[in-house]
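Every number in this text was worked out from the coordinates using simple rules, so none of it is lab data. If you're wondering where the values come from, they're calculated on a predicted model, not measured in any experiment. Neighbour counts run over all protein chains shown; Cβ positions are idealised from the backbone, glycine included.
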């Protein structure tokens, strides 16, 4: 596999060089500084974390030549400082408790340094015609439950007005941002080595219809040994003078594999929150997820309230493995077993350059007899100029089970 990808990489670079005389269609680059700090508690045990790093990325896309175009992109992260800690989550690489925190807690990427340094996140060849396109290699993709960068193949059909159809396969996924710059196969490594999954193939089918008053999205994803999910999302638009109303509805049917902590290699897997794959159980656990959100916008202000509900069979806990549609900053318990989340969001944007947001969510989650609740407060502000972007965020997590965390993060980046 490594030899085949290396050969493909060389082929793409050579073809890109051969058409250099046509110039560059798109070149983007940014570099900046990121820092996070975390201070919390689990029961009576104090928690602290955070780090500072520099991050840079660039991407290049060629002009079309006979319907073909090519792209390449790289990113790199360099650690400057890491908060020294001896708490229960200090070791996220070899200790089961820390590994469970890394796998299950979305905030782990801001509490512990998880980046792996250099990443070749984009390297693709694409052919386009009046029907659509065929793309293969490494490229960005944003669909329901699929995001960031994938290594695979995608077919797109754009022939029909207002309709956009995408289907494909991918083997691995990578993240490329200042908080988490990790290599392809990151997800496979953690879920296969520590929870016993065998993620060999991932397939997706996404059908989107976009109209003046309706956005419709039908999708089906199959993530090998993890789950299959069939979903429908709609956004209904209505305007009255300068008031804008958007009603968002999402329903997903999920067929997941069964999980048991006693099948894990670690004796303290249950304490670590690790639940391992039951062989040949794919699709055995049937469940659902539904979400309803109402948004009201006026000038630069936006207010939304929503509700998100999961089934009580634990079918949805692996849904956000590659991406999510989480309305809050962190998804840690939002898609958990039996989780029901109520939330409110207030946003402000001015001149498309200045932004601020306040979010609050309350999640009640767990199974009968072992339920808990977690509140999450988010405050985010920033500036986005043509060449400079600055953002500052504060997140408070307060769980009834005794886990509390306060995370502050800062980013300043320069775009070229």
Of 151-161, 52-62, ordering from highest average Cβ density within 10 Å down gives 52-62, 151-161
Semi-axes a, b, c in Å (a largest) for region 234-382, each sqrt of 5 times a Cα gyration tensor eigenvalue, come to 35, 17, 13
Note on region 49-127: the mean projected area of its alpha-carbon convex hull, in nm², is 6.7 nm²
Calculated from DSSP helices alone, with each H run of at least 4 adding -39500 (n - 2.57) and the total divided by the residues of the chain, [θ]222 nm to the nearest 500 comes to -3000 deg cm²/dmol
Pseudo-spin-label distance residue 216 to residue 373, built 7 Å along Cα→Cβ, given in nm, is 3.9 nm
Distance in nm between residue 131 and residue 94 label points, each 7 Å along Cα→Cβ, equals 5.4 nm
The Rg/Rh figure for region 133-283, Cα atoms and Kirkwood Rh, to two decimals is 1.06
One computes Rg over Rh for region 377-416 from alpha-carbon atoms, with the Kirkwood Rh, and obtains 1.21
The FRET efficiency for residue 394 and residue 292, from their Cβ-Cβ distance with R0 = 25 Å and rounded to 0.05, is 0.35
The extension gain from residue 241 to residue 352, computed as 0.36 nm times the residue separation minus the Cα-Cα distance, is 37.9 nm
Matching label for the computed mean projected area of the Cα convex hull in nm², out of (1) 19.8; (2) 23.1; (3) 20.8, is (3)
Here the FRET efficiency for residue 159 versus residue 41, based on Cβ atoms and R0 = 60 Å and rounded to 0.05, is 0.60
Once normalised by the length of the chain, the mean sequence separation of its alpha carbon contacts under 8 Å that are 6 or more apart gives a contact order in percent of 13 percent
FRET efficiency (residue 385, residue 209; Cβ distance; R0 30 Å; to 0.05) is 0.30
Projected convex hull area of region 258-328, Cα atoms, direction-averaged, in nm², equals 6.8 nm²
Region 324-345 and region 141-178 have their Cα centres apart by a whole-number Å value of 23 Å
Of region 193-209, those with amide N under 17 Å from the point 7 Å along the Cα→Cβ vector of residue 278 are 195-198
GNM on the chain, Cα springs under 10 Å; top mean-square fluctuation among 316, 94, 116 goes to 94
The alpha-carbon center of region 352-416 and that of region 203-218 are separated, in whole Å, by 28 Å
Zone reached by a paramagnetic label modelled 7 Å from residue 344 Cα along Cα→Cβ, restricted to region 287-310 with backbone N below 20 Å, covers 292-309
Extension length gain for residue 142 and residue 27 (0.36 nm per residue less Cα distance), in nm, is 39.4 nm
